[in-house]
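A.B. asks: Could you have a look at this structure, given as structure tokens, before my questions?
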Amino acid sequence: MGKPSLPESEMAEGPHAPVLLEEVLAALSPIAGSRIVDGTFGAGGYSRALLQAGAEVIGIDRDPTVRPHADALKAEFADRFTFLEGTFSDLDMLAEGQGPVDAVVLDIGVSSMQIDEADRGFSFMRDGPLDMRMSRSGESAADLVNGLDWEELANLLYAFGEERKSRRIAQFIVAARLDGPIVTTLQLARIVEKAIGRKPGDAHPATRTFQALRIAVNGEFDQLVEGLFAAERLLGEDGRLAVVSFHSLEDRIVKRFFDPDKGGPAQSRHLPQTVEEPKRWRQVAKAIKAGQAELARNPRSRSAVLRSAVRTAIAARPLRLDGLGVPGVRGAA
Ligand SMILES: C[S@@+](CC[C@H](N)C(=O)[O-])C[C@H]1O[C@@H](n2cnc3c(N)ncnc32)[C@H](O)[C@@H]1O
């Protein structure tokens, strides 16, 4: 069987419009010869722009279906581009042996390809298997929906989806399971709608439930925290890190990571409270959001927030969760 390849219409632009591209480029300042890790390769929109600016790029993605996009960049930019399948939580290990890295970028939403393809199971608008696994392996959303007990489900929906009606939705899910397993996206979307109703003009009632399941299935908060600390270890002095996130729970983690004075993990337990721990990040930029022109062109940019900073010479911190505001799920798997 031949390798899947891209339709011609997708070769130039890609099926995923990169968000905040100009702002990301400004934060990373790629120059000829700089080496940059794109930890969320997707359709390669950032990677392409960085390569066009003369940088060398190491693209990482956990989703094996992005491979044709990587092959297209490899064909065009040859040795300046390397693709590695894996998770960005391991980005320092993945980039080992590739030489010093000047910058890292993470764009941690779901790609348009993942959302638009019904059989990936990410969308409550498209009927497909209740899957949501970016890497196509491990536990699926259906496994969680059918396997967790009532309380575990309610806690998961509350913590990861900020769903205030989590307990009622969990009750309806558990009741629906008595008729057989819930296996499709629309089946689940209808159960949630039955549980909490639908008001005209409001977001679809299943929005938060789907977000929570996606975060749980892909371990997204753990990935984000581990990826941030991995970038801190990988980057030397003056190295740049830019992170685009898509909801407030993620943005809070990134903000506190860069600026521990806002509640982050820098303060060591072994130092007296009055001693300020040295900073690992400087030039911590204010949050940047999409402007009117981008919003008009690409509605998916509406919840994107970019944060970036530059690494100091201080040795990286050991990974610590406290102070980052990572939501936890009590009693869930
Ligand atoms: C929003 S898309 C990135 C789009 C990309 N910036 C572009 O311009 O085409 C996010 C991508 O990151 C990947 N991804 C999400 N979490 C990941 C993780 N923990 N490790 C590696 N890849 C991840 C997803 O599979 C998806 O392809």
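A.B. asks: Does region 46-199 classify as rounded, prolate or oblate by the C-alpha gyration tensor (a ≥ b ≥ c root eigenvalues; a/c under 1.5 gives rounded; else a/b over b/c gives prolate, otherwise oblate)?
C.D. replies: It is prolate, given that a/c is not under 1.5 and a/b is the larger ratio.
A.B. asks: Same structure again: Round to a whole number: what % of the accessible area of the chain belongs to carbon and sulfur, probe 1.4 Å?
C.D. replies: In the chain, the share of accessible area belonging to carbon and sulfur is 51 percent.
A.B. asks: Tabulate in residue order the Karplus-calculated ³J(HN,Hα) for region 155-171, using 6.51 cos²θ - 1.76 cosθ + 1.60 with θ = phi - 60°, rounded to whole Hz; enter x for Gly and Pro.
C.D. replies: Taking θ as phi minus 60°, the curve returns 4, 5, 5, 6, 6, 9, x, 6, 8, 5, 9, 4, 5, 5, 4, 4, 4 Hz for region 155-171.
A.B. asks: Suppose every Lys and Arg Cβ carries +1 and every Asp and Glu Cβ carries -1, with no other charges. What dipole size does the chain come out with about its Cα centre, to the nearest 20 debye?
C.D. replies: So the magnitude is around 1080 debye.
A.B. asks: Could the peptides 128-141, 211-224 be put in order, highest first, of the mean number of other beta-carbon atoms found within 10 Å of their residues?
C.D. replies: For the peptides 128-141, 211-224, the packing ranking is 211-224, 128-141.
A.B. asks: Provide the three semi-axes, in whole Å and in decreasing order, of the ellipsoid equivalent to the chain as defined by the square roots of 5 times the Cα gyration tensor eigenvalues.
C.D. replies: 33, 26, 17
A.B. asks: Right, here's the next one. Would you work out the relative contact order for the chain, in percent, from Cα pairs under 8 angstrom that are 6 or more residues apart?
C.D. replies: 18 percent.
A.B. asks: Determine the calculated [θ] at 222 nm for the chain from helices alone, applying -39500 (n - 2.57) to every DSSP H run no shorter than 4 residues and normalising by the residue count; nearest 500 deg cm²/dmol.
C.D. replies: It lands at -11000 deg cm²/dmol.
A.B. asks: While we're here: With the cut-off at 19 Å, tell me which of the pairs K255/K286; K262/K286; K165/K289; K74/K289; K255/K279 have Cα atoms farther apart than that.
C.D. replies: K165/K289; K74/K289
A.B. asks: If you filter region 72-132 for GluC sites (Glu not before Pro), then keep DSSP loop positions with at most 16 other Cβ within 10 Å, what is left?
C.D. replies: For GluC sites (Glu not before Pro) across region 72-132 that sit outside H, G, I, E and B with at most 16 neighbouring Cβ atoms in 10 Å, the list reads E96, E117.
A.B. asks: Output the relative contact order of region 54-171, whole-number percent, from Cα pairs under 8 angstrom with separation of 6+ residues.
C.D. replies: Computed over region 54-171, the figure is 16 percent.
The values are calculated or read from the model by the stated rules, or taken from the named source; none is laboratory data. Given the structure is predicted, the values throughout are model-derived calculations rather than measurements. As a convention, Cβ positions derive from the backbone with ideal geometry for all residues, glycine included, and neighbour counts pool all protein chains shown. All accessible areas refer to the heavy atoms of the entire protein, side chains included, with ligands and DNA or RNA removed. Shrake-Rupley method; radii C 1.70, N 1.55, O 1.52, S 1.80 Å.
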